[in-house]
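One structure is given here, and the rest of the page talks about it.
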Amino acid sequence: MDTALILTAVLTYPMLRTFSLWFHSSLTRSYVSGTYSIVFVNYPNEQIARDVARAILDKKLAASVNILPKTSSLYFWKGEIEESTEILLLIKTKTSKVSRLSTYMRLAHPFEIPEVFSIPMDQGDARYLKWLEEGMKEN
């Protein structure tokens with residue numbers, strides 16, 4: 001097999017997988033595991049967390065954001081163990097939007113190295129997942 005063909009297949013896999021999931025879901029009208037994700041991000045205070053949550057929703061990068069107050073965090077920072085109280089955002093979005101959302105988080109976040117990670121949703125109520133989809137439609 002040609003090396004260029006293998007390289008092309010490897011580099012286009014994420015895009016092909018996303019398209020395949022969308023196509024399968026459209027044809028079967030069923031949920032495909034991993035179509036949606038939950039993104040976790042910590043913020044130093046509730047006001048910043050609320051402002052960012054509203055901006056994410058305004059930009060249609062997510063359909064829903066939960067703000068969980070007063071999360072205790074312990075972590076290593078510059079060789080020392082630090083402890084702080086943070087506000088955790090649980091952001092529900094399409095997996096295809098996680099990259100854009102993460103980029104926005106890095107730009108809008110006050111921390112030098114923000115904690116931004118996601119996990120794919122395995123299953124969910126069909127009506128809720130449809131509601132998520134509708135909440136992210138561009139006007």
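Could you check the spin-label model distance between Arg127 and Asp51? Points 7 Å from the Cα along Cα→Cβ, value in nm.
Spacing of the two 7 Å Cα→Cβ label points: 3.7 nm.
Please sort 91-100, 51-60, 77-86 by packing, taking for each peptide the average over its residues of neighbouring beta carbons within 10 angstrom, highest first.
In descending order of packing, they fall as 91-100, 51-60, 77-86.
Just check the range 97-139 against the gyration tensor rule for me: Cα atoms, a ≥ b ≥ c as the square roots of the eigenvalues, rounded for a/c under 1.5, and otherwise prolate or oblate depending on whether a/b exceeds b/c.
Values: a/c = 3.69, a/b = 1.84, b/c = 2.01.
Note, shape of the range 97-139 comes out oblate.
Compute the distance in nm between two label points, each set 7 Å from the Cα along the Cα-to-Cβ direction, one at Ser84 and one at Ile119.
2.3 nm
Would you pull out the residues with amide H under 5 Å of Met121's amide H, same chain only if 5 or more places away, H placed 1.01 Å from N?
Gly34, Tyr36, Ser37, Ile38
Once you order the gyration tensor axes a ≥ b ≥ c over the Cα atoms, which shape class does the range 36-135 get: rounded for a/c under 1.5, otherwise prolate or oblate by comparing a/b with b/c? List each step's numbers first, then the result.
On the way: a/c = 1.99, a/b = 1.84, b/c = 1.08.
Prolate is the answer for the range 36-135, as a/c is 1.5 or above and a/b outweighs b/c.
Tell me which of Ile113, Leu90, Tyr128 sits at the most positive position along the dipole axis of the range 63-139, charges placed on C-beta atoms (Lys, Arg +1; Asp, Glu -1).
Ranked along the dipole, the leading option is Tyr128.
Among the lysines, which have Cα under 28 Å from the Cα of Lys60 when same-chain residues fewer than 8 positions away are ignored?
Counting by Cα, and skipping residues close in sequence, Lys60 has these lysines nearby: Lys70, Lys92, Lys94, Lys97, Lys130, Lys137.
Which whole-Hz couplings ³J(HN,Hα) result when phi for each residue of the range 57-69 is put into the Karplus expression 6.51 cos²θ - 1.76 cosθ + 1.60, θ = phi - 60°, listed in order with x for Gly and Pro?
Couplings: 5, 4, 7, 6, 7, 7, 9, 7, 9, 9, 10, 9, x Hz.
Laboratory data are not the source of any read-out in this text; all were calculated from the coordinates shown. As the structure is a computational prediction, the values presented were derived from the model and not from experiment. Cβ coordinates were reconstructed from backbone atoms using ideal geometry, including for glycine residues, and neighbour counts include every protein chain displayed.
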